[in-house]
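S.K.: First the structure, which I've put down as structure tokens, then a few questions once you've had a look.
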Amino acid sequence: MTTDLDAVLQRYPNASRDALIPILQEVQQEQGYLSRDAVVQVGRHLRLPTSKIYGVATFYNQFRFQPQGRNHVQVCRGTACHVKGSAAILDAVKRELKIEAGQTSRDGEFSLEVVACIGACGLAPVICVNGEFHAGVTTKSVGKIVDSYRRKAPRNDGDETA
Amino acid sequence: MKLPELLSWMVDGEAVDPAVSRQHQQRLAELRREDVSRPTVFVGAGTCGLGAGAKQTLAAVHTYLDSHEIKADVVMVGCVGLCSLEPIVDVQLPGRSRVCFKQITADKVPALLESALAGTVRDNLVLGQYRQAASGIWPDVPFLDEHPFFAPQTRWVLANCGVINPSQIEEYIARGGYGALVKVLRDMTPEVACDVVEQSGLRGRGGGGFPTGKKWKFARQSPGDQKYLICNADEGDPGAFMDRAVIESDPHRLVEGMAIAAYGIGASKAYVYIRAEYPLAIKRLKAAIAQAEANGLIGDNILGTDFSLHVIIKMGAGAFVCGEETALIHSIEGRRGMPRPRPPFPAVSGLFGKPTIINNVETLANLPTVISGGAERFAALGTKTSKGTKVFALSGKVSRTGLVEVAMGTPVRKIVFDIGGGIPNGKAYKAVQIGGPSGGCIPTQHLDIDVDYESLKMVGAIMGSGGLVVMDEDTCMVDVAKFFMDFIQRESCGKCIPCREGTRRMLEILQRITRGRKRERGIESLDRFKSVLHLQSLAETIRDTSLCGLGQTAPNPVLSTLRWFRDEYEAHIYDRVCPAAACTELIIYSIDADKCRGCTVCAKKCPAGAILGAAKSPHHIVVDKCIGCGCCVDACRFDAVVKQ
């Protein structure tokens, strides 16, 4: 874990504050979330108080402070998706995964995130699992989609932070 | 560094040596794919296409070609804009023009390729053929530009989208790309460039609609050794995706536009602030910047002049408010994305305290057209105050969804009913929501207004970034207002009180309106009526006193729906009924005893345990326990659950 972090910080020698958000993004890419240790270390590297780092990190929706599940489910709640019934889709996903938005299931298999708009409005309603889009989802098809990931072997590549 | 030979030949005209000239001509024709030497298959692989299964389609194409040992080129193109018919696959045979096919999922690939490569076209899959002078046309195949979706459009910004391979700079150059940059660097001083843009009447496409040339001049006149250009690609409006599509499908147009803008304002550094939610767009843009750098079209001393430009990509971290100029600047500086009072405007003191111009992706993508076609040609299209074209992202309850580029002044009716094909399933049109959370609704009686900045303002909407979400009779306008208010209050940065507290209070009012009576206790029903009285005045206060554009426009969805759909509000308030049956708490579910077979599926699925009944006898829903989730409707195979 720490080696990942050092590698990220080494890419930003003598960095100033404008490098803060890119650094946090890379740390999250590597580690899946922003751990307390990571935030403290980033603060030392940039010579900024930890409170300032948290101030910035908590402002933006992108940053997570808890590990993500092996499968990351994003439910789009954009206008087009809303008009086509994404509220019901979200409820169905919650029921299916038995977690609330922003949570990770106890077995670490799934995490659920609500996103403002994925930008695939033409295909509404959309959910996105590990970066793969599923278009025209219905409350009935949610179960099938989730099951298709459940059966898959655990993923170990870190590219789902799309 | 030397200009790529081809570009210099295109700009300078005939080369001295006719043999070289012929060579270039040939290469150009090849790059424009006027004709192909062997069959070519194009797969639309933008985010929309991939969402609809283009990845599997692409794999199926490769499998088919390999297994039949057919030598053919496979090209990944961007998005042509007709999202609802994705995945779109084009086939071009030697000596024949390119034909476009719709909804080619992986399972349809073998049959399609078999017939298409043999020179026959299956009617049910064909969308149309391109108009190509050099190659033979297909008999009995309609032209793509006559298709009802494409015919009323004027494609300037989207001209290359879905046509060219976005990762090849040569294909962009072959279609006239970077010609405008050469023209501006050779023939125009930065002042002239600003003048041309001002004369063209180009206005910011991101929301406010401020004249672009005028804005540039402010930055040009501000003293400062370092000036910045920022491209705002933080397309946060839910319901808008044109910037993403342009960057994915034609990234070099944006790079060229940025170079022109930077030259005009005298900036040597440009930032692209792009949403992290658009990984494919970021990838394509990075590749485009690298190619342009390798060819000397950006970097140091571009084309031998003393103009230099370095482009840096910054990923946004997911904050809607960062679409606001000063908030965006704070975010690039590594701070919380909170707006600050203006003046000083960013054009005077922006990023790191230096003069900064922030332009939207679509604004910048218009610049090559403005420069190469000239200000007059650009200004000839459109209305008195709004010139050129506008790209709209058409989505919601409409038959054909996708990206639509029309001349300013096109009636809304034409966009929704001619291009979009009207409302599916025989439902009635109710409204179209334009401009995202800052915008408003256009009801039936105003469908004939022309889209331009001023006329939209008159009906209480704004151009915004251009998201058009169509709503039909099943959409509840109070619910839509609640949806936007929920979005806005979550995205409010919290700096100024009217926005932070006011939007929250407005959301609570809307929640009370849409709440069922059974969840109301004691004094709550009095609160409900009291708050209804305050809704409008609260909205007006927020509009008049907020710090930034987000807050000032935050009440628009409520004000607009109140103006046009007051009757729906009244039905919710007085009768506790949702006419569109969309507000879940106001819906009453019941079971039709004649249709129910007593299969018990609904009772098992009900998360609230509200359905009672013995097996093989009609079931019953306990209204007090029902949470209105609608699970029983989905579960019932006999359509016995009735919604009221």
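S.K.: What FRET efficiency comes out for residue B:523 versus residue B:595 if R0 is 51 angstrom and r is the Cβ-Cβ distance? Round to the nearest 0.05. Don't skip to the answer; put the middle values down first.
M.R.: Numbers: r = 42 Å, r/R0 = 0.82.
Efficiency, from the Cβ-Cβ distance: 0.75.
S.K.: Also, quick follow-up: Going out from 0 in 20 Å bins, what whole percent of all Cα-Cα distances in chain B drops into each bin?
M.R.: Going from the shortest bin to the longest, the percentages are 17, 46, 30, 7, 0.
S.K.: Give the aspartates and glutamates reachable from residue B:482 as a straight Cα distance under 12 Å; neighbours fewer than 8 places away on the same chain don't count.
M.R.: Partners found: B:508.
S.K.: Could you name the lysines whose alpha carbon sits less than 20 Å from that of residue B:286, not counting residues in the same chain fewer than 8 places away?
M.R.: Within the straight-line limit of under 20 Å, residue B:286 reaches these lysines: B:269, B:314.
S.K.: Then there is this: Just how far, in whole angstrom, is the range B:418-468 from the range B:54-127 if you go by their alpha carbon centroids?
M.R.: Result: 35 Å between the Cα centres.
S.K.: Where does the range B:99-161 land on the Kirkwood hydrodynamic radius, alpha-carbon pairs, in angstrom?
M.R.: Values: mean 1/r = 0.0768 Å⁻¹.
One over the average 1/r among Cα pairs gives 13.0 Å for the range B:99-161.
S.K.: Can you tell me what percent of all Cα-Cα pairs in the range B:1-105 are more than 22 Å apart?
M.R.: Numbers: 2538 of 5460 pairs.
When all Cα pairs of the range B:1-105 are counted, 46 percent exceed 22 Å.
S.K.: State, as an integer percentage, the relative contact order of the range A:71-150 based on alpha-carbon contacts under 8 Å between residues 6 or more apart.
M.R.: Details: 130 pairs, mean separation 31.5, N = 80.
Normalised by residue count, the contact order of the range A:71-150 is 39 percent.
S.K.: Would you please give the residues with an amide H less than 5 Å from that of residue B:74, counting only those at least 5 places away or on a separate chain, with H modeled from the backbone geometry?
M.R.: Here B:41 satisfy the definition.
S.K.: If I model the range B:394-434 as equal point scatterers sitting on the Cα atoms and use the Debye formula, what is log10 I(q)/I(0) at q = 0.18, 0.35 Å⁻¹?
M.R.: Results for the range B:394-434 at q = 0.18, 0.35 Å⁻¹ read -0.46, -1.48.
S.K.: Using a Debye calculation, one point per C-alpha and no hydration shell, please list log10 I(q)/I(0) for the range B:588-643 at q = 0.18, 0.21 Å⁻¹ in order.
M.R.: With no solvent term, the Cα-only Debye profile gives -0.45, -0.63.
S.K.: At 20 °C and a viscosity of 1.002 mPa s, what translational diffusion coefficient does Stokes-Einstein give for the range A:71-150, taking Rh as the Kirkwood radius over Cα pairs? Give it in µm²/s as a whole number.
M.R.: On the way: Rh = 12.1 Å.
The estimated diffusion coefficient comes to 177 µm²/s.
S.K.: Between residue A:29 and residue B:133, how high is the FRET efficiency from 1/(1 + (r/R0)^6) when r is the Cβ-Cβ distance and R₀ = 45 Å? Nearest 0.05.
M.R.: Details: r = 48 Å, r/R0 = 1.07.
About 0.40, to the nearest 0.05.
S.K.: Considering only C-alpha atoms, what is the centroid distance from the range A:46-99 to the range B:198-227, in Å?
M.R.: Result: 36 Å between the Cα centres.
S.K.: Further question on the same structure: What distance in nm separates the two pseudo spin-label positions at residue B:118 and residue A:132, each 7 Å out from Cα along the beta-carbon direction?
M.R.: 3.3 nm
S.K.: So what is Rg over Rh here for chain A, counting just Cα atoms and using Kirkwood for Rh? Could the numbers behind the result be given before it?
M.R.: Numbers: Rg = 17.4 Å, Rh = 16.9 Å.
My calculation of the ratio gives 1.03.
S.K.: Please report the relative contact order for the range B:389-475, taking Cα pairs under 8 Å with a sequence separation of at least 6, and give it as a percent rounded to a whole number.
M.R.: Values: 187 pairs, mean separation 31.4, N = 87.
So the answer I get is 36 percent.
S.K.: Tell me the mean residue ellipticity at 222 nm calculated for the protein assembly as shown from its helices only (DSSP H runs of n ≥ 4, each -39500 (n - 2.57), averaged over every residue, nearest 500).
M.R.: Values: 31 runs with 310 residues, N = 806.
Value at 222 nm, helices only, nearest 500: -11500 deg cm²/dmol.
S.K.: Output wanted: per-residue J couplings in Hz (rounded whole) for the range B:195-208, from phi through Karplus 6.51 cos²θ - 1.76 cosθ + 1.60, θ = phi - 60°, x for Gly and Pro.
M.R.: 4, 4, 5, 5, 5, 5, x, 5, 10, x, 8, x, x, x
S.K.: Please report, in whole Å, how far the alpha carbons of the range B:534-583 spread along each principal axis, starting with the longest.
M.R.: 37, 19, 16
S.K.: Under a crude label model (7 Å from the Cα following the beta-carbon direction), how far is residue B:23 from residue B:616 in nanometres?
M.R.: 8.8 nm
S.K.: What are the residues whose amide H is under 5 Å from the amide H of residue B:591, where those residues sit 5 or more places off or on another chain and H is modelled from the backbone?
M.R.: For residue B:591, whose amide H was placed from the backbone, the distant partners under 5 Å are B:621, B:642.
S.K.: Could you state the angle between the C-alpha long axis of helix B:477-491 and the longest principal axis of the C-alpha atoms of chain B, as a value from 0 to 90 degrees rounded to the nearest 10?
M.R.: The angle comes out near 60 degrees.
S.K.: Give me the log10 of I(q) over I(0) for the range B:478-575 at q = 0.13 Å⁻¹, as the Debye formula computes it from C-alpha points; what are the numbers?
M.R.: -0.42
S.K.: Starting at the first residue of the range B:393-409, write each ³J(HN,Hα) from the Karplus equation 6.51 cos²θ - 1.76 cosθ + 1.60 with θ = phi - 60°, in whole Hz, x for Gly and Pro.
M.R.: 9, 8, 8, x, 8, 9, 5, 10, 9, x, 9, 10, 10, 10, 5, 4, x
S.K.: Restricting to bridges with both residues inside the protein assembly as shown, how much of the DSSP beta-bridge set is antiparallel, in percent to the nearest 5?
M.R.: On the way: 41 of 75 bridges.
Counting DSSP beta bridges with both partners in the protein assembly as shown, the antiparallel share is about 55 percent.
S.K.: Measuring from the lowest to the highest alpha carbon on each principal axis, how far does the protein assembly as shown reach, largest first, in angstroms?
M.R.: 92, 65, 60
S.K.: Beyond a 24 Å Cα-Cα separation, which of these cross-linked pairs lie in this structure: B:183/B:283; A:94/B:604; A:84/B:643; B:530/B:625; B:616/B:643; B:102/B:397?
M.R.: Long pairs (Cα-Cα over 24 Å): B:183/B:283; B:530/B:625.
S.K.: Assuming a viscosity of 1.306 mPa s and a temperature of 10 °C, what translational diffusion coefficient in µm² per second does Stokes-Einstein assign to the range A:2-59, Rh being the Kirkwood radius over Cα pairs?
M.R.: On the way: Rh = 11.0 Å.
Stokes-Einstein gives a translational diffusion coefficient of 144 µm²/s.
S.K.: What are the residues whose amide H is under 5 Å from the amide H of residue B:298, where those residues sit 5 or more places off or on another chain and H is modelled from the backbone?
M.R.: Under 5 Å from the amide H of residue B:298: B:293.
S.K.: Here is a further query. Hey, which of these cross-link pairs are over 31 Å Cα-Cα: B:108/B:414; B:108/B:430; A:144/B:390; B:384/B:414; B:71/B:390; A:98/B:495? Kindly include the intermediate steps, with their values, before the conclusion.
M.R.: Details: B:108/B:414 33 Å; B:108/B:430 36 Å; A:144/B:390 39 Å; B:384/B:414 20 Å; B:71/B:390 41 Å; A:98/B:495 35 Å.
From the list (B:108/B:414; B:108/B:430; A:144/B:390; B:384/B:414; B:71/B:390; A:98/B:495), the Cα-Cα distance tops 31 Å for B:108/B:414; B:108/B:430; A:144/B:390; B:71/B:390; A:98/B:495.
S.K.: Quick check: pseudo-label points 7 Å beyond the Cα along Cα→Cβ at residue B:287 and residue A:101, how many nm apart are they?
M.R.: So the two model labels end up 3.4 nm from each other.
S.K.: Another question about this same structure. What do you get when you divide the Cα radius of gyration of the range B:267-321 by 2.2 N^0.38 Å, with N the number of residues?
M.R.: Values: Rg = 13.1 Å, N = 55, 2.2 N^0.38 = 10.1 Å.
Relative to the 2.2 N^0.38 Å estimate, the range B:267-321 comes out at 1.29.
S.K.: Rounded, prolate or oblate: which one fits the range B:169-380, using the alpha carbon gyration tensor with axes a ≥ b ≥ c (rounded when a/c is under 1.5, else prolate when a/b beats b/c, else oblate)?
M.R.: Details: a/c = 1.42, a/b = 1.17, b/c = 1.21.
Rounded, since a/c falls under 1.5.
Taken together, the values in this text are just the output of simple stated rules run on the coordinates, not laboratory data. Keep in mind it's a predicted model, so treat the numbers as computed, not measured. A quick note on method: Cβ atoms are made from the backbone with ideal geometry, for glycine too, and the neighbour counts reach across all protein chains shown.
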